[in-house]
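Quick notes on the structure that follows.
The values are calculated or read from the model by the stated rules, or taken from the named source; none is laboratory data. Remember, it's a predicted structure, so these values are computed and weren't measured experimentally. Backbone-built Cβ (ideal geometry, glycine too); neighbour counts: all protein chains shown.
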Amino acid sequence: MSGHSKWHKIQHKKGKNDKARSSMFTKLLRAVTVAAMQGGGDIDMNFSLRLAVQKAKAENVPKDNIDRAIKKGIGELHDGTVIEEIVYEGFGPGGVAMMVEAMTDNKNRTASEVKFAFSKHNGSLGGPGSVQWQFDHKGVVRISEEQQQKISDWENVQLELMDAGAEDIISDEGIIEIQTSIEQLQSVLSLCDSHNLELEDSGLEWVAKDAIDVDDDVIEKNMNLYEALDELDDVKQVYTNI
């Protein structure tokens, strides 16, 4: 079993437990607010907002909360806070590269918490550019193999996906992952919708240019760091090159 597969298997398993104990609603609603702040409150005109709202709805965030988050983003509701997006770069045990996306109303607090998590779990926080060169910012769409098997002519659909902008289609641990440029993500999502494919997940992610294989001990140590970072209220997502 490759390190890539084992990492995703453990990540998926522990991720389900994380949802029960972390402030998932807070993270999702902050993403809605930031998307509305950056691109306006019209879901039809703001693709990033539409993705953020879809993710919130998928986790059963109440509609009233989503509406308030949008109003906060476009300035209709004022509570004195300003949320900013920040990306931290660092190294986990064994030199594993990590990208940490955060949304915060207090940069000093968030930087301190992220730095402490890295230090506690034998990692190190790097400066801007120390890790990002190892990743591409891409659109990612995931469907289950069960969904894929509903398509009678999957080979033809793959060609359609490529025509729509898909750059790579990867099957791993029961999940089909479709990678595309940021600009072509919307067209790939539209094609998936036209084939009535139910998505496991979709959005913008940092994808490692060259994934590395590491042994089980290194995977487990990095998973402990991943969990510590993911449990922070201000952290939106963590990506690695495992």
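Kindly list, by first and then second residue, each pair from a residue in the range 163-179 that is free of Cβ contacts under 8 Å to residues at least 12 places away in the same chain to a residue that is crowded, with 17+ Cβ neighbours inside 10 Å and outside any strand (DSSP E or B), limited to pairs with Cβ atoms under 8 Å and residues at least 6 apart or on different chains.
The qualifying pairs are Ile169/Leu161.
Specify the residue that is surrounded by the fewest Cβ atoms within 10 Å (Cβ to Cβ); the eligible residues are those in the range 101-122 that are part of a helix (DSSP H, G or I), out of contact with any strand residue (DSSP E or B) (no Cβ under 9 Å at 6 or more places or on another chain) and of a type outside the set (D, E, K, R).
Asn108
Which one of these does Gly75 not meet: (1) in a loop (DSSP other than H, G, I, E, B); (2) modelled with pLDDT of 95 or more?
Against the list (1) in a loop (DSSP other than H, G, I, E, B); (2) modelled with pLDDT of 95 or more, Gly75 comes up short only on (2).
Mind listing just one residue for me: the one in the range 40-49 that is in contact (Cβ under 8 Å) with a residue 12 or more places away in the chain and within 15 Å of Arg68 (Cα to Cα) and, of those, surrounded by the most Cβ atoms within 10 Å (Cβ to Cβ)?
Leu49
Any idea which of Glu155, Glu183 is assigned to a helix (DSSP H, G or I) and either out of contact with any helix residue (DSSP H, G or I) (no Cβ under 6 Å at 6 or more places or on another chain) or among the charged types (D, E, K, R) (or both)?
Working: Glu183 fails: assigned to a helix (DSSP H, G or I).
Testing whether each residue is assigned to a helix (DSSP H, G or I) and either out of contact with any helix residue (DSSP H, G or I) (no Cβ under 6 Å at 6 or more places or on another chain) or among the charged types (D, E, K, R) (or both) leaves just Glu155.
Each row is one residue, and each column tells you yes or no for (1) within 19 Å of Asp136 (Cα to Cα); (2) surrounded by fewer than 18 Cβ atoms within 10 Å (Cβ to Cβ); (3) without any contact (Cβ under 8 Å) to a residue 40 or more places away in the chain.
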| site | (1), (2), (3) |
| --- | --- |
| Ser194 | no, yes, yes |
| Glu200 | no, yes, no |
| Glu205 | yes, no, no |
| Lys209 | yes, yes, no |
| Leu232 | no, no, no |
| Val235 | no, no, no |
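When you scan the range 61-72, how many residues do you find that are exposed (fewer than 13 other Cβ atoms within 10 Å of the Cβ) and assigned to a loop (DSSP other than H, G, I, E, B)?
Total meeting the criteria: 1.
If Ala52 meets every condition in (1) surrounded by 14 or more Cβ atoms within 10 Å (Cβ to Cβ); (2) at pLDDT below 60 apart from one, which number is that one?
(2)
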